[in-house]
Amino acid sequence: MHELPPNDQRYLEAVETLPRAELLQLQWQRLQAMIGYAYEHSALVRHHWDQKGLRPSDIRSTADFTQLAPLMDKDQMRDWRELHDDPFCGLLCTDVADISFMGSSSGTTGDSTLFSYRWGSDDGNLPAGPGLPADGPSAYWGGTLRDWWEIGVRPGDHGVYFGLRMRGPMFRLLQMIGVTPVMLGYGPDDLHQFIDLSRRFRPTVLYAMTAYLGVGLQEIERTMGVDMRDVFASYQGILFAGEPVGPRLRQTFERWGLAGKIYNQTSFGDIGHAHDCREHEGCHVWEDIGVAEIVDPESGAPIEGDGRGELVVSSLVNPIDPLLRYRGGDIVDLQRGLCGCGRTHARFTPVGRSGDEIVVDGRSILPMDVWGAIEDVPETSSGLFQIIRPRRVLDALKIRVGYLGEPDLRSLEGRVADSVEAAIGLRPAIELVPNAVIMQSGSRHKIPRTVKQ
């Protein structure tokens, strides 16, 4: 890894503030190299490009690429996996022996798919493929490192890391910038250990907070009188990953002294991660690491300029299993203007997932539309809920909602329905269950917000 900048320097790498014209030129150079590399080495990429009669030489600009190259999605990957008995879905561009470790997607929208990784020989960087960059942390993990540096993480700090399954050992990224990871699981006893270790080592960052953990901490505060402001006194940032922080839970963490220090980490379309900066005006897309575009969720047609659409991404620096024009179902608001933090890269704000949308009486509804209304009711303030979605178009809205304590269920059902109706103008049917039922329906880092039944 390259030498780290001085601790008082805001940016980890100069490319973060590269003038936009230079950034886009760098992006095209890397994209051009990746197109040729992926076409030669990825069976799935080559298959779909050949079906369309397209060759790398036909692409002479980024605009050509977004207009001509075929889209990829998870269904195509799964189909290839089943048809060819290939666990890597036709994406693997290297020998299996070159892989250091594997992770997987969450599987909340279907069976999970693999992600493959490799660390470099000594410095933790992914080695470059032919014609691809190998310039320090930017070669693969640079985006996450830049985001954590922006939060305020510095060499010599401690960082809490919850969980080991998703996307490989993220804790190693902490080590790459000189931070000592404090490793914890998702079990009930881990929260008590978290409190003790936070007071003992005074970490500066927490990865990754979830609704599941937030509910547990609130219960410890309520039943044991733990001073959470003291527990979180040293933290420069806590990162929510897998799903965004709900409005009421955000208020709770702000009450614990974390106003302005709550960050969202979201998927950069399965080619990496995206975080918001200290300005909290969207999650940064590192355009030297990937290409971001938006398309119409129904037709797949490109949407020019800024606006709302389905996120489509292309990897620029991953020679292991690169994705080109991959649509993962994330609906975002994309903006390319200069951020208040000084970075020139685009940003997006997650809105929801195309697979989570339901249409009732011609109206589109996403989980974020009802989230705050559910949290506004004291007994359901944990924000644990699931929209029942057997299909996209429905005659009525039904929501399964978790509650705390032993409330009058008939009264609570009416108050939750009232709150949601006031927010969206549509009265839902409410199914009440204890919070534990919702939490057991998914993994502890992500709760599926829509279910079939």
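At-a-glance table
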{"item": "Candidates ASP418, ASP395, ASP408, ASP376, filtered to the one that is touching a residue at least 60 places away in the same chain (Cβ under 8 Å), open to solvent by 60 Å² or more (accessible area, probe 1.4 Å) and either polar (S, T, N, Q) or farther than 30 Å from HIS273 by Cβ (or both)", "result": "ASP376"}
{"item": "From the options GLU421, GLU413, GLU379, residue that is part of a helix (DSSP H, G or I), in contact with a helix residue (DSSP H, G or I) (Cβ under 8 Å, 6 or more places away or on another chain) and acidic (Asp, Glu)", "result": "GLU379"}
{"item": "Test: residue in region 428-436 that is surrounded by fewer than 16 Cβ atoms within 10 Å (Cβ to Cβ), out of contact with any strand residue (DSSP E or B) (no Cβ under 7 Å at 6 or more places or on another chain), under 22 Å from GLU243 (Cα atoms) and not acidic (Asp, Glu)", "result": "yes"}
{"item": "Flag for LEU18 being surrounded by fewer than 18 Cβ atoms within 10 Å (Cβ to Cβ), over 24 Å from the mean Cα position of the chain (by Cα) and closer than 30 Å to GLY342 by Cβ", "result": "no"}
{"item": "From the options GLY142, GLY136, GLY187, GLY156, residue that is open to solvent by 30 Å² or more (accessible area, probe 1.4 Å) and either out of contact with any strand residue (DSSP E or B) (no Cβ under 7 Å at 6 or more places or on another chain) or modelled with pLDDT of 95 or more (or both)", "result": "GLY156"}
{"item": "Filtered residue count, region 159-175, keeping only those that are modelled with pLDDT of 60 or more and open to solvent by less than 30 Å² (accessible area, probe 1.4 Å)", "result": "8"}
{"item": "THR180 vs. criteria touching a residue at least 12 places away in the same chain (Cβ under 8 Å) and either surrounded by fewer than 19 Cβ atoms within 10 Å (Cβ to Cβ) or more than 20 Å from ARG255 (Cβ to Cβ) (or both)", "result": "yes"}
{"item": "Filter result for the condition that a residue is small (Gly, Ala, Ser), in contact with a helix residue (DSSP H, G or I) (Cβ under 6 Å, 6 or more places away or on another chain), in contact (Cβ under 8 Å) with a residue 12 or more places away in the chain and surrounded by fewer than 22 Cβ atoms within 10 Å (Cβ to Cβ), over GLY307, GLY329, GLY337", "result": "GLY329"}
{"item": "Test: GLU243 is open to solvent by 10 Å² or more (accessible area, probe 1.4 Å), more than 15 Å from ASP147 (Cβ to Cβ), among the acidic types (Asp, Glu) and free of Cβ contacts under 8 Å to residues at least 40 places away in the same chain", "result": "no"}
{"item": "Residue tally, condition buried (at least 18 other Cβ atoms within 10 Å of the Cβ) and of a type outside the set (Phe, Trp, Tyr), over region 77-87", "result": "2"}
{"item": "Qualifying residue in region 304-315 (condition: modelled with pLDDT of 95 or more and not in a strand (DSSP E or B))", "result": "no"}
{"item": "Residue that is farthest from TYR161 (Cα to Cα), among those in region 216-238 that are of a type in the set (Val, Ile, Thr) and open to solvent by 20 Å² or more (accessible area, probe 1.4 Å)", "result": "THR223"}
{"item": "Candidates GLY214, GLY237, GLY246 - the one that is in contact with a Lys or Arg (Cβ under 8 Å, 6 or more places away or on another chain) and under 27 Å from LEU384 (Cβ atoms)", "result": "GLY237"}
{"item": "Answer residue from region 362-371, given it is within 22 Å of the chain's Cα centre (by Cα) and open to solvent by 20 Å² or more (accessible area, probe 1.4 Å) and is nearest to ASN435 (Cα to Cα) among those", "result": "MET368"}
{"item": "Pairs, first assigned to a loop (DSSP other than H, G, I, E, B) and of a type in the set (Phe, Trp, Tyr) in region 425-453, second open to solvent by 20 Å² or more (accessible area, probe 1.4 Å) and at pLDDT 90 or above, C-beta under 9 Å, six or more apart", "result": "none"}
{"item": "Lone unmet requirement of (1) open to solvent by 60 Å² or more (accessible area, probe 1.4 Å); (2) in a helix (DSSP H, G or I); (3) without any contact (Cβ under 8 Å) to a residue 24 or more places away in the chain for TRP49", "result": "(1)"}
{"item": "Some residue of region 122-129 being modelled with pLDDT under 95, buried (at least 22 other Cβ atoms within 10 Å of the Cβ), of a type outside the set (Asp, Glu) and not in a loop (DSSP other than H, G, I, E, B)", "result": "no"}
{"item": "Contacts under 8 angstrom Cβ, first residue in region 187-212 being of a type in the set (Lys, Arg), partner in a loop (DSSP other than H, G, I, E, B), 6 or more apart", "result": "ARG202/ALA233; ARG202/SER234"}
{"item": "Number of the exception - LEU54 against (1) assigned to a helix (DSSP H, G or I); (2) without any contact (Cβ under 8 Å) to a residue 60 or more places away in the chain; (3) more than 20 Å from LEU311 (Cα to Cα)", "result": "(1)"}
{"item": "Pairs, first without any contact (Cβ under 8 Å) to a residue 24 or more places away in the chain in region 24-45, second open to solvent by less than 10 Å² (accessible area, probe 1.4 Å) and of a type in the set (Val, Ile, Thr), C-beta under 9 Å, six or more apart", "result": "TYR39/VAL45"}
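The values are calculated or read from the model by the stated rules, or taken from the named source; none is laboratory data. Just so you know, these numbers come straight off a predicted model, no measurement behind them. Cβ atoms come from the backbone with ideal geometry, glycine included; neighbour counts cover every protein chain shown. We work out accessible area using only protein heavy atoms, side chains counted, and drop any ligands, DNA or RNA first. Shrake-Rupley method; radii C 1.70, N 1.55, O 1.52, S 1.80 Å.
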